[in-house]
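Enquirer: Sharing a structure with you now.
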Amino acid sequence: MAGQTKLIRIAQNGVVARFSKPEFQELVSLIFRRYPEHEWATFARFGWRDTSEGLVVSLASLDSPKSGDMNEFVGHVQINEPYTLRTALSAEQHPLAVGVIHSHPEDCLPAPSSIDDDMDGYYAPYFNDFAPGRPYVSLIISRVKQTLILSGRIYWRGLWHGVDKFAVETTPVVTWRGLGANFEPLHARERTARLNSAFGIESASRLRRATVVVIGAGGTGSAAIEVLARAGVGKLILVDPDHIEESNLERVHGSLPCHAKQAVPKVEVARDHILAIDPSCHVEAIIGRLPQSAVLDAVIRADVAVGCTDQQHSRLALSDIAVRYLVPTIDCAVTLEGSDGAVTAQVIQLVRFLSADPCALCRGMIVPNMISQELMSDEERKLRRREAEQARTHGENPNQYWHREAQLNTVGFLTTMAGSMAAAYAIGWLTGRFEPPFSRLQMNLLSKDLDVTDSAEIPRAECACRRIRGWSDQATAEAFLTVPLHWPEAQRLDS
């Protein structure tokens, strides 16, 4: 790698780099092994997706150095050729991108040095020979004032792209973009004074820089959206395919009778409600569903996702995104139960989907015939119902054609409580002040002591979620869900 240093210039920005918490902790422990004075490094594998706003890369695994792979007698990173060749040859056997991650000494910003430029100038074309068409990823991590700061650049399609944002699962970190790090607190706002007092100015700053996506803008979603907007979240992405109906007015925050009369999209109502609360919030409203491409592009650039729909396909898609794209998710649901004119249960469920958690399939949360029915076109639903009715008339089992499910009953006070709780745990993740102390929580508001339970399910060893963590689009063949052809194209509303 010796020779004249070639200055690397960033041609484009917009890259998001994502990490799961387990891999990030392993990574920091590894590359800080000679801290605080000396550097260390490792090769790594990354999944990636090219979105309309830029690349999103996700750490899939580390190809950690073995004894003798690196020069331990110099303070900077010096990787021996056998380690490089071994990594390159292995890249021919998998579809992932290849990169190097290294540390800078303590209290030194992760600004690329001339040695780093030499290294990347050599590795970018080198690995392209073994893994053509894939990004080459170069990341730096350092600890400054006890804060982890990260920087990065990616060589892809003949250009260097700068990393604009690092997202570590449930862990706040600071991004260095070449001019400075964004860890200085933003100006405190009086409107969030109580939150600032409770969690600190730093937490308020993190919320202003954060992006949260809410899937579903109905009863639970609209409550979560309002809590997040009032807490000062800087950007909210809203996704919902439906419009306001009169029956929604009892539950949906911000909805009015005129919205039902005019069949206004739920995301439009939510967007206008947010901007009435905080005009400085950046809102992106999408009429659509997961995992449509435009929706997926937006979701995987967010820091946290909040699932607020009663659709099983949406829950399954969020679970898939948490695994493949490393987007931490809180999913919420509610139901009322009763008999003989009396309400017997008011149930709230909150589910944490992290990349290392059991997926929705492992947890047994998905009923195959319900997913199938949800994804049918209107014409196929009508046909199946007609066939089921004919079977019933002839004394046959109608469930082979259509499985009739009772409508889940929900009311505004219950959806508001569930949505607010989900938003609260998202705020805990974003600020780094607290985390959900559960995997899958259920509580019954009518039971003594609320009958709170936490189901600690175990992942199935044979499930795809155990082998595609962080694989992004490179594991599309094992995606939990595909988009039906009859769905209308997702539509972004004008700001």
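Enquirer: Mind running the shape call on segment 185-331? Use the C-alpha gyration tensor, a ≥ b ≥ c as the square roots of the eigenvalues: rounded below 1.5 for a/c, prolate if a/b tops b/c, oblate otherwise. Intermediate results must be reported in sequence, preceding the final value.
Expert: On the way: a/c = 2.11, a/b = 1.20, b/c = 1.76.
Verdict is oblate for segment 185-331.
Enquirer: Once all Cα-Cα distances of segment 186-256 are split into 10 Å bins that start at 0, what whole-number percent is in each one?
Expert: Distribution as computed: 20, 42, 26, 12, 1 percent.
Enquirer: If you don't mind, there's one more thing I want to ask. What are the ³J(HN,Hα) couplings of segment 386-392, residue after residue, when phi is run through the Karplus curve with 6.51, -1.76, 1.60 and θ = phi - 60°? Round to Hz, x for glycine and proline.
Expert: Coupling constants for segment 386-392: 5, 5, 5, 5, 5, 5, 4 Hz.
Enquirer: Once phi is turned into ³J(HN,Hα) by the Karplus curve 6.51 cos²θ - 1.76 cosθ + 1.60 with θ = phi - 60°, what whole-Hz value does each residue of segment 95-107 show in order, with x for glycine and proline?
Expert: 3J(HN,Hα) across segment 95-107, in whole Hz: x, 7, 6, 10, x, 10, 10, 9, 9, 10, x, 4, 6.
Enquirer: Right, another one. Give me the distance between the Cα centres of segment 292-324 and segment 393-433, rounded to whole Å.
Expert: Spelled out, the Cα-based centre of one part sits 15 Å from the other.
Enquirer: Sorted from largest to smallest, which semi-axis lengths in Å does the alpha carbon gyration tensor of segment 89-144 give for its equivalent ellipsoid, taking the root of 5 times each eigenvalue?
Expert: On the way: eigenvalues 130, 29, 10 Å².
Gyration-tensor ellipsoid for segment 89-144: 26, 12, 7 Å.
Enquirer: With every protein chain present, what is the per residue accessible area of segment 61-147 (1.4 Å probe, Å²)?
Expert: Values: 3700 Å² over 87 residues.
Accessible area per residue: 43 Å².
Enquirer: Amide H of residue 167 versus every other amide H placed in the peptide plane: which residues, excluding those fewer than 5 positions away on the same chain, fall under 5 Å?
Expert: 17, 18, 19
Enquirer: Would you mind giving the three semi-axes, in whole Å and largest first, of the ellipsoid equivalent to segment 1-141 according to its Cα gyration tensor? Each step should come with its number before you reach the end.
Expert: Numbers: eigenvalues 93, 61, 58 Å².
That gives 22, 17, 17 Å for the three semi-axes.
Enquirer: OK, next. State the percentage of accessible surface on the chain attributable to carbon and sulfur atoms; use a 1.4 Å probe and exclude ligands, DNA and RNA.
Expert: Details: 11160 of 22020 Å².
The nonpolar share, carbon plus sulfur, comes to 51 percent.
Enquirer: Would you mind getting the Kirkwood hydrodynamic radius of segment 369-430 from its Cα pairs, rounded to one decimal in Å? All intermediate terms of the calculation are to be shown ahead of the outcome.
Expert: Numbers: mean 1/r = 0.0684 Å⁻¹.
Taking the inverse mean of 1/r over all distinct Cα pairs, segment 369-430 comes out at 14.6 Å.
Enquirer: Within 10 Å, at most 15 other Cβ atoms, and a DSSP state outside H, G, I, E, B define an exposed site. Report the longest part of the chain free of exposed trypsin sites (Lys or Arg not before Pro). Kindly include the intermediate steps, with their values, before the conclusion.
Expert: Working: sites that count: 6, 9, 33, 34, 66, 145, 157, 177, 189, 404, 433, 460, 467.
The longest uninterrupted stretch comes out as 190-403.
Enquirer: Moving on to the next point. Segment 96-200: D in µm²/s via Stokes-Einstein (Kirkwood Rh, Cα pairs, 4 °C, 1.567 mPa s)?
Expert: Values: Rh = 15.6 Å.
This corresponds to a translational diffusion coefficient of 83 µm²/s.
Enquirer: Against the globular-protein guess of 2.2 N^0.38 Å, express the Cα radius of gyration of segment 252-365 as a ratio, rounded to two decimals. Each step should come with its number before you reach the end.
Expert: Working: Rg = 16.7 Å, N = 114, 2.2 N^0.38 = 13.3 Å.
Expressed relative to 2.2 N^0.38 Å, the Cα Rg reads 1.25.
Enquirer: Report ³J(HN,Hα) in whole Hz for each residue of segment 250-267, in order, from the Karplus equation J = 6.51 cos²θ - 1.76 cosθ + 1.60 where θ = phi - 60°; Gly and Pro get x.
Expert: Each residue of segment 250-267 in turn: 6, 10, 7, 5, x, 7, 10, x, 5, 5, 5, 4, 9, 6, 6, x, 4, 5 Hz.
Enquirer: Under the rule of at least 5 residues apart or a separate chain, name every residue whose amide H is placed under 5 Å from the amide H of residue 63.
Expert: Those qualifying (amide H under 5 Å, at least 5 residues apart or on another chain) are 43, 44, 45.
Enquirer: Follow-up. Mean residue ellipticity at 222 nm from the helices of the chain, using -39,500 (n - 2.57) per DSSP H segment of n ≥ 4 over the full residue count, to the nearest 500 deg cm²/dmol? List each step's numbers first, then the result.
Expert: Working: 13 runs with 148 residues, N = 495.
Result for the chain, helices only: -9000 deg cm²/dmol.
Enquirer: Cα atoms only: what Rg and Dmax, in Å, come out for segment 400-495?
Expert: 19.1, 50
Enquirer: Taking a 31 Å limit on the Cα-Cα distance, which of the listed pairs 165/261; 66/235; 21/235; 21/145; 266/382; 145/235 fall beyond it?
Expert: On the way: 165/261 42 Å; 66/235 43 Å; 21/235 23 Å; 21/145 21 Å; 266/382 26 Å; 145/235 28 Å.
Listed pairs above 31 Å: 165/261; 66/235.
Enquirer: Additional query: In square angstrom, what is the accessible area per residue of segment 299-386 with a 1.4 angstrom probe?
Expert: It amounts to 34 Å² per residue over segment 299-386.
Enquirer: Additional query: Evaluate 2.2 N^0.38 Å with N set to the residue count of the chain, then give the Cα radius of gyration divided by it. Walk me through the intermediate numbers first.
Expert: Values: Rg = 24.5 Å, N = 495, 2.2 N^0.38 = 23.2 Å.
Ratio of Cα Rg to 2.2 N^0.38 Å: 1.05.
The values are calculated or read from the model by the stated rules, or taken from the named source; none is laboratory data. Predicted model, so just to flag it, every value in this text is computed and none were measured. FYI the Cβ positions are ideal-geometry reconstructions off the backbone, even for glycines, and counts take in every protein chain you see. Accessible surface areas use protein heavy atoms only, side chains included; no ligands, DNA or RNA. Shrake-Rupley method; radii C 1.70, N 1.55, O 1.52, S 1.80 Å.
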